[in-house]
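Accompanying notes for the structure given below.
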């Protein structure tokens, strides 16, 4: 080994230089450090030459992936409603007067509206949306994500749930979305709304699940079991999907609540699935019927049936002969407390709980009889139309029948049903309905004869109220009665 002195001459030195002996461990450490530095250099070079790819991977969030997954199946829906101008519009509404003064309604005007929808069957061209988006529409146009336009018609609709199913005409293979599950929603989880608010197509908003099982009163009806979110849902969003962070459909958005500020609502997808299946099969939602008439418990009734003051439930006031309820041994005076673990505190709870089922499904009903808790399994059926006249009399106090030809000729009418009797102390009697009055419409559906009347009343058996258009002499009026 050659030693170099401070003077730079070989063989001599004034002060020895330190000598470092390198072990195997030190060599390994140096080697590893070199490898680490080499890796960092390669990574830096990659980021320098491919900056967009690296940034893109950070920008591709789960929200982006969810939107890309579903948005091709979201459509824009525009509708046209042709209506006639009425000089009586400001007094009572157009529908009322045009039945009696048809000549005045000679001028038409068109009204358009916008909404959203979701393709659930691309091969068949089936789209779900809100009922209020297409209600009374004379023309329906659908624009898909690739900006193609199609005409569409209504397969079926259900005002109670605010849902409708549309059929795209001449539809080819279209992108579709699959419905997910809304039974496991978590308060606070991220949600995404896609729709066409104010006509701005494919707008995406995000938020969280603010609450579940919300009840909302809108358009003289109570809508139940809504999902509440702070994702913006504005007019035009109605009918579009609400997604979770994984891109699964958890609800159908609805902007039916006009007063909402920073609050959005959606129909849970499990309810959507059930209603849509009914609409595809029958064109309407057939409400289950078990054959009982019910009333709410008053403090006096609770005492009479030996119930505590805070006891819940609704009282069975009547059981129809040969009905599912009678076959299951329900009796007048029983107090219904639960339907499939859903507590019953008022009549609306009973109607709402029963509406979760379809005719033919087994329903577990819990009740109290003479202080003892019991339960039975009941299989609801479709309401039999032949019972409609009897049911109508029980609930409204109006006995309806076929009108005589003389009355029809005198009024210049070709259809309707006659009021034969009005029960004393009934709501109809207090309003002033009289024998001889003619009922022309029930819930905006014309009733030309008693058979049509039975069908319309049968469809309304589960509703809390019913609206009648009545003719008396040269005059007419409409009234809404509890049902």
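Yes/no per residue for (1) outside the structural domain of residue 292 (by TED's automatic domain parsing); (2) in contact with a strand residue (DSSP E or B) (Cβ under 9 Å, 6 or more places away or on another chain):
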site	(1), (2)
378	no, yes
396	yes, yes
410	yes, no
436	yes, yes
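All conditions in (1) over 30 Å from residue 434 (Cα atoms); (2) in contact with a helix residue (DSSP H, G or I) (Cβ under 7 Å, 6 or more places away or on another chain) hold for residue 362, with the sole exception of (2).
Would segment 180-195 turn up any residue that is closer than 19 Å to residue 280 by Cβ, in contact (Cβ under 8 Å) with a residue 40 or more places away in the chain and buried (at least 17 other Cβ atoms within 10 Å of the Cβ)? Yes, some residue in segment 180-195 is closer than 19 Å to residue 280 by Cβ, in contact (Cβ under 8 Å) with a residue 40 or more places away in the chain and buried (at least 17 other Cβ atoms within 10 Å of the Cβ). Taking the numbered list (1) closer than 28 Å to residue 353 by Cα; (2) surrounded by fewer than 17 Cβ atoms within 10 Å (Cβ to Cβ); (3) free of Cβ contacts under 8 Å to residues at least 40 places away in the same chain; (4) touching a helix residue (DSSP H, G or I) at 6+ places or on another chain (Cβ under 8 Å) in turn, residue 423 passes all entries but (1).
Here's the yes/no breakdown for (1) within 17 Å of the chain's Cα centre (by Cα); (2) at pLDDT below 95; (3) within 21 Å of residue 82 (Cβ to Cβ):
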| site | (1), (2), (3) |
| --- | --- |
| 152 | no, no, yes |
| 178 | yes, yes, no |
| 186 | no, no, no |
| 201 | no, yes, no |
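The values are calculated or read from the model by the stated rules, or taken from the named source; none is laboratory data. Source: prediction; values computed, not measured. Cβ sites come from the backbone with ideal geometry, for glycine too, and all protein chains shown count toward neighbours.
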